[in-house]
Amino acid sequence: MSELLREAAVQAAAIPAHRQRLFIPGPTDVAAEVLAAQTAPMIGHRSDEFEALFARCEAQLRQLFFTKTRVFTVVASGTGLQEAAVRNLVEHRMLSFVNGAFSQRWHDVAASCGKQVVRADIPWNSAVKPEQVANALQDALATGPVEAIAVVHNETSTGVMSPVREIADTVRAISPETLVLVDAVSSFGGARLATDDWGLDVVLTSSQKALALPPGLAFCAVSDRALQRARAVSGRGWYFDFLRLEKSRQQQTTPATPAISLMRSLAVQLDRILEEGIEQRFARHARLADRTQRWALANGFELMAEAGYRSHTVTTVTNTRAISVNALNAALARQEMEISNGYGDYKDKAFRIAHMGEVQESDLERLFAAIEHFLTGQKQ
């Protein structure tokens, strides 16, 4: 156990023991010692102490991103980094794959930045597949260059996980100069994303989902060739300028004032993640997903996400039993638990059970027992 983690554990001793309450796809519950780390005395953001904290976190984040290049840390949500990727890496034209609400958002973000966005619609509840990428990219290239493609790895609204490794391979085979931009907001820390080995140019995420941190921080791994591309792009802005972020990163700091308290929590949580083991953490999330899917089917529900492409971090359950999701959540609230209703058009037609971050098998069993008790009452 690291000294930082040991100190946080002491601070957390006065906090009630962790009890999983939130089974929603973010924000997720945060361990007591991670919360307690925010209460440490403030330090200057241009101090040696902060630079050491920053360097420590960035090195550990590079392990989680499976990259040897760089990871930027910003005070924002994942949506902020969607905009950053577009502003830094697309001068004129990009291809955006839309198969859910958050890939729709990335498309809208790109359009709002004044880019020419070629939209490729994929049926919701389905993954973006390599053959669809090939067709859409070839069609788009017929009318001009495509500087980047944008795809969501784990669509939070539907519980679908797309095969980004195969997608990246397809893009490189057809248009090697096209960058591959990946939103991994609801999968990072719960599923493998090998940035360098898979040839991904940007992988972005935020703190409040599978990383099990308080909201407020966002992170992105950026490849060397993406950083080089940014040098030729105008209108990158200031706050999210990759070149500015890189210059500060090399000095172990940030261009603007960072969220120091959140960085302290980040340092403790990264220690906890590495102590659990990265591969062990991925395996735990996969087990939880499998258990949730089996439970849903065994209790008369169906799964909305396409078979073979179901998320490791959130399961979207079709409400085939026509239960009141609001009434279910009211019952769960009395036991200090909560799940998510279906997103957007799927409200009341589905519900989402997140099994990310600090969730353990015992937490899921407690949740399932409570839901089954509610379902029994519905029969009377």
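Points to keep in mind about this one:
- Only residues that are surrounded by 17 or more Cβ atoms within 10 Å (Cβ to Cβ) and within 21 Å of GLN20 (Cβ to Cβ) were counted in the range 332-357, giving 12.
- Some residue of the range 266-277 being in contact with a helix residue (DSSP H, G or I) (Cβ under 7 Å, 6 or more places away or on another chain) and in a loop (DSSP other than H, G, I, E, B): no
- Any chance THR143 is surrounded by fewer than 21 Cβ atoms within 10 Å (Cβ to Cβ), more than 27 Å from THR318 (Cβ to Cβ) and either among the hydroxyl-bearing types (Ser, Thr, Tyr) or assigned by TED's automatic domain parsing to the domain that holds GLY342 (or both): yes
- Considering each residue of the range 302-311 in turn, at least one proves to be in contact (Cβ under 8 Å) with a residue 12 or more places away in the chain, part of a loop (DSSP other than H, G, I, E, B) and under 18 Å from VAL359 (Cβ atoms).
- Residue in the range 13-23 that is at pLDDT below 95, under 30 Å from GLU306 (Cα atoms) and either more than 15 Å from the chain's Cα centre (by Cα) or not assigned by TED's automatic domain parsing to the domain that holds SER175 (or both) present: yes
- Within the range 337-380, tally of residues that are assigned to a strand (DSSP E or B) and farther than 15 Å from ASN299 by Cβ: 6
- From ALA127, ALA120, ALA134, residue being hydrophobic (A, V, I, L, M, F, W, C) and either farther than 29 Å from MET304 by Cα or part of a helix (DSSP H, G or I) (or both): ALA134
- Number of positions in the range 147-164 that are part of a strand (DSSP E or B) and not charged (D, E, K, R): 8
- Flag for ALA298 being outside the structural domain of LEU217 (by TED's automatic domain parsing) and free of Cβ contacts under 8 Å to residues at least 24 places away in the same chain: yes
- Scanning the range 188-224 for residues that are of a type in the set (D, E, K, R) and under 21 Å from ASP271 (Cβ atoms) gives ARG192, LYS209.
The values are calculated or read from the model by the stated rules, or taken from the named source; none is laboratory data. Computed from a prediction, not measured in an experiment: that's the story for all the values here. Don't worry about glycine lacking a Cβ; one is built from the backbone with ideal geometry, like all the others, and counts go over all protein chains shown.
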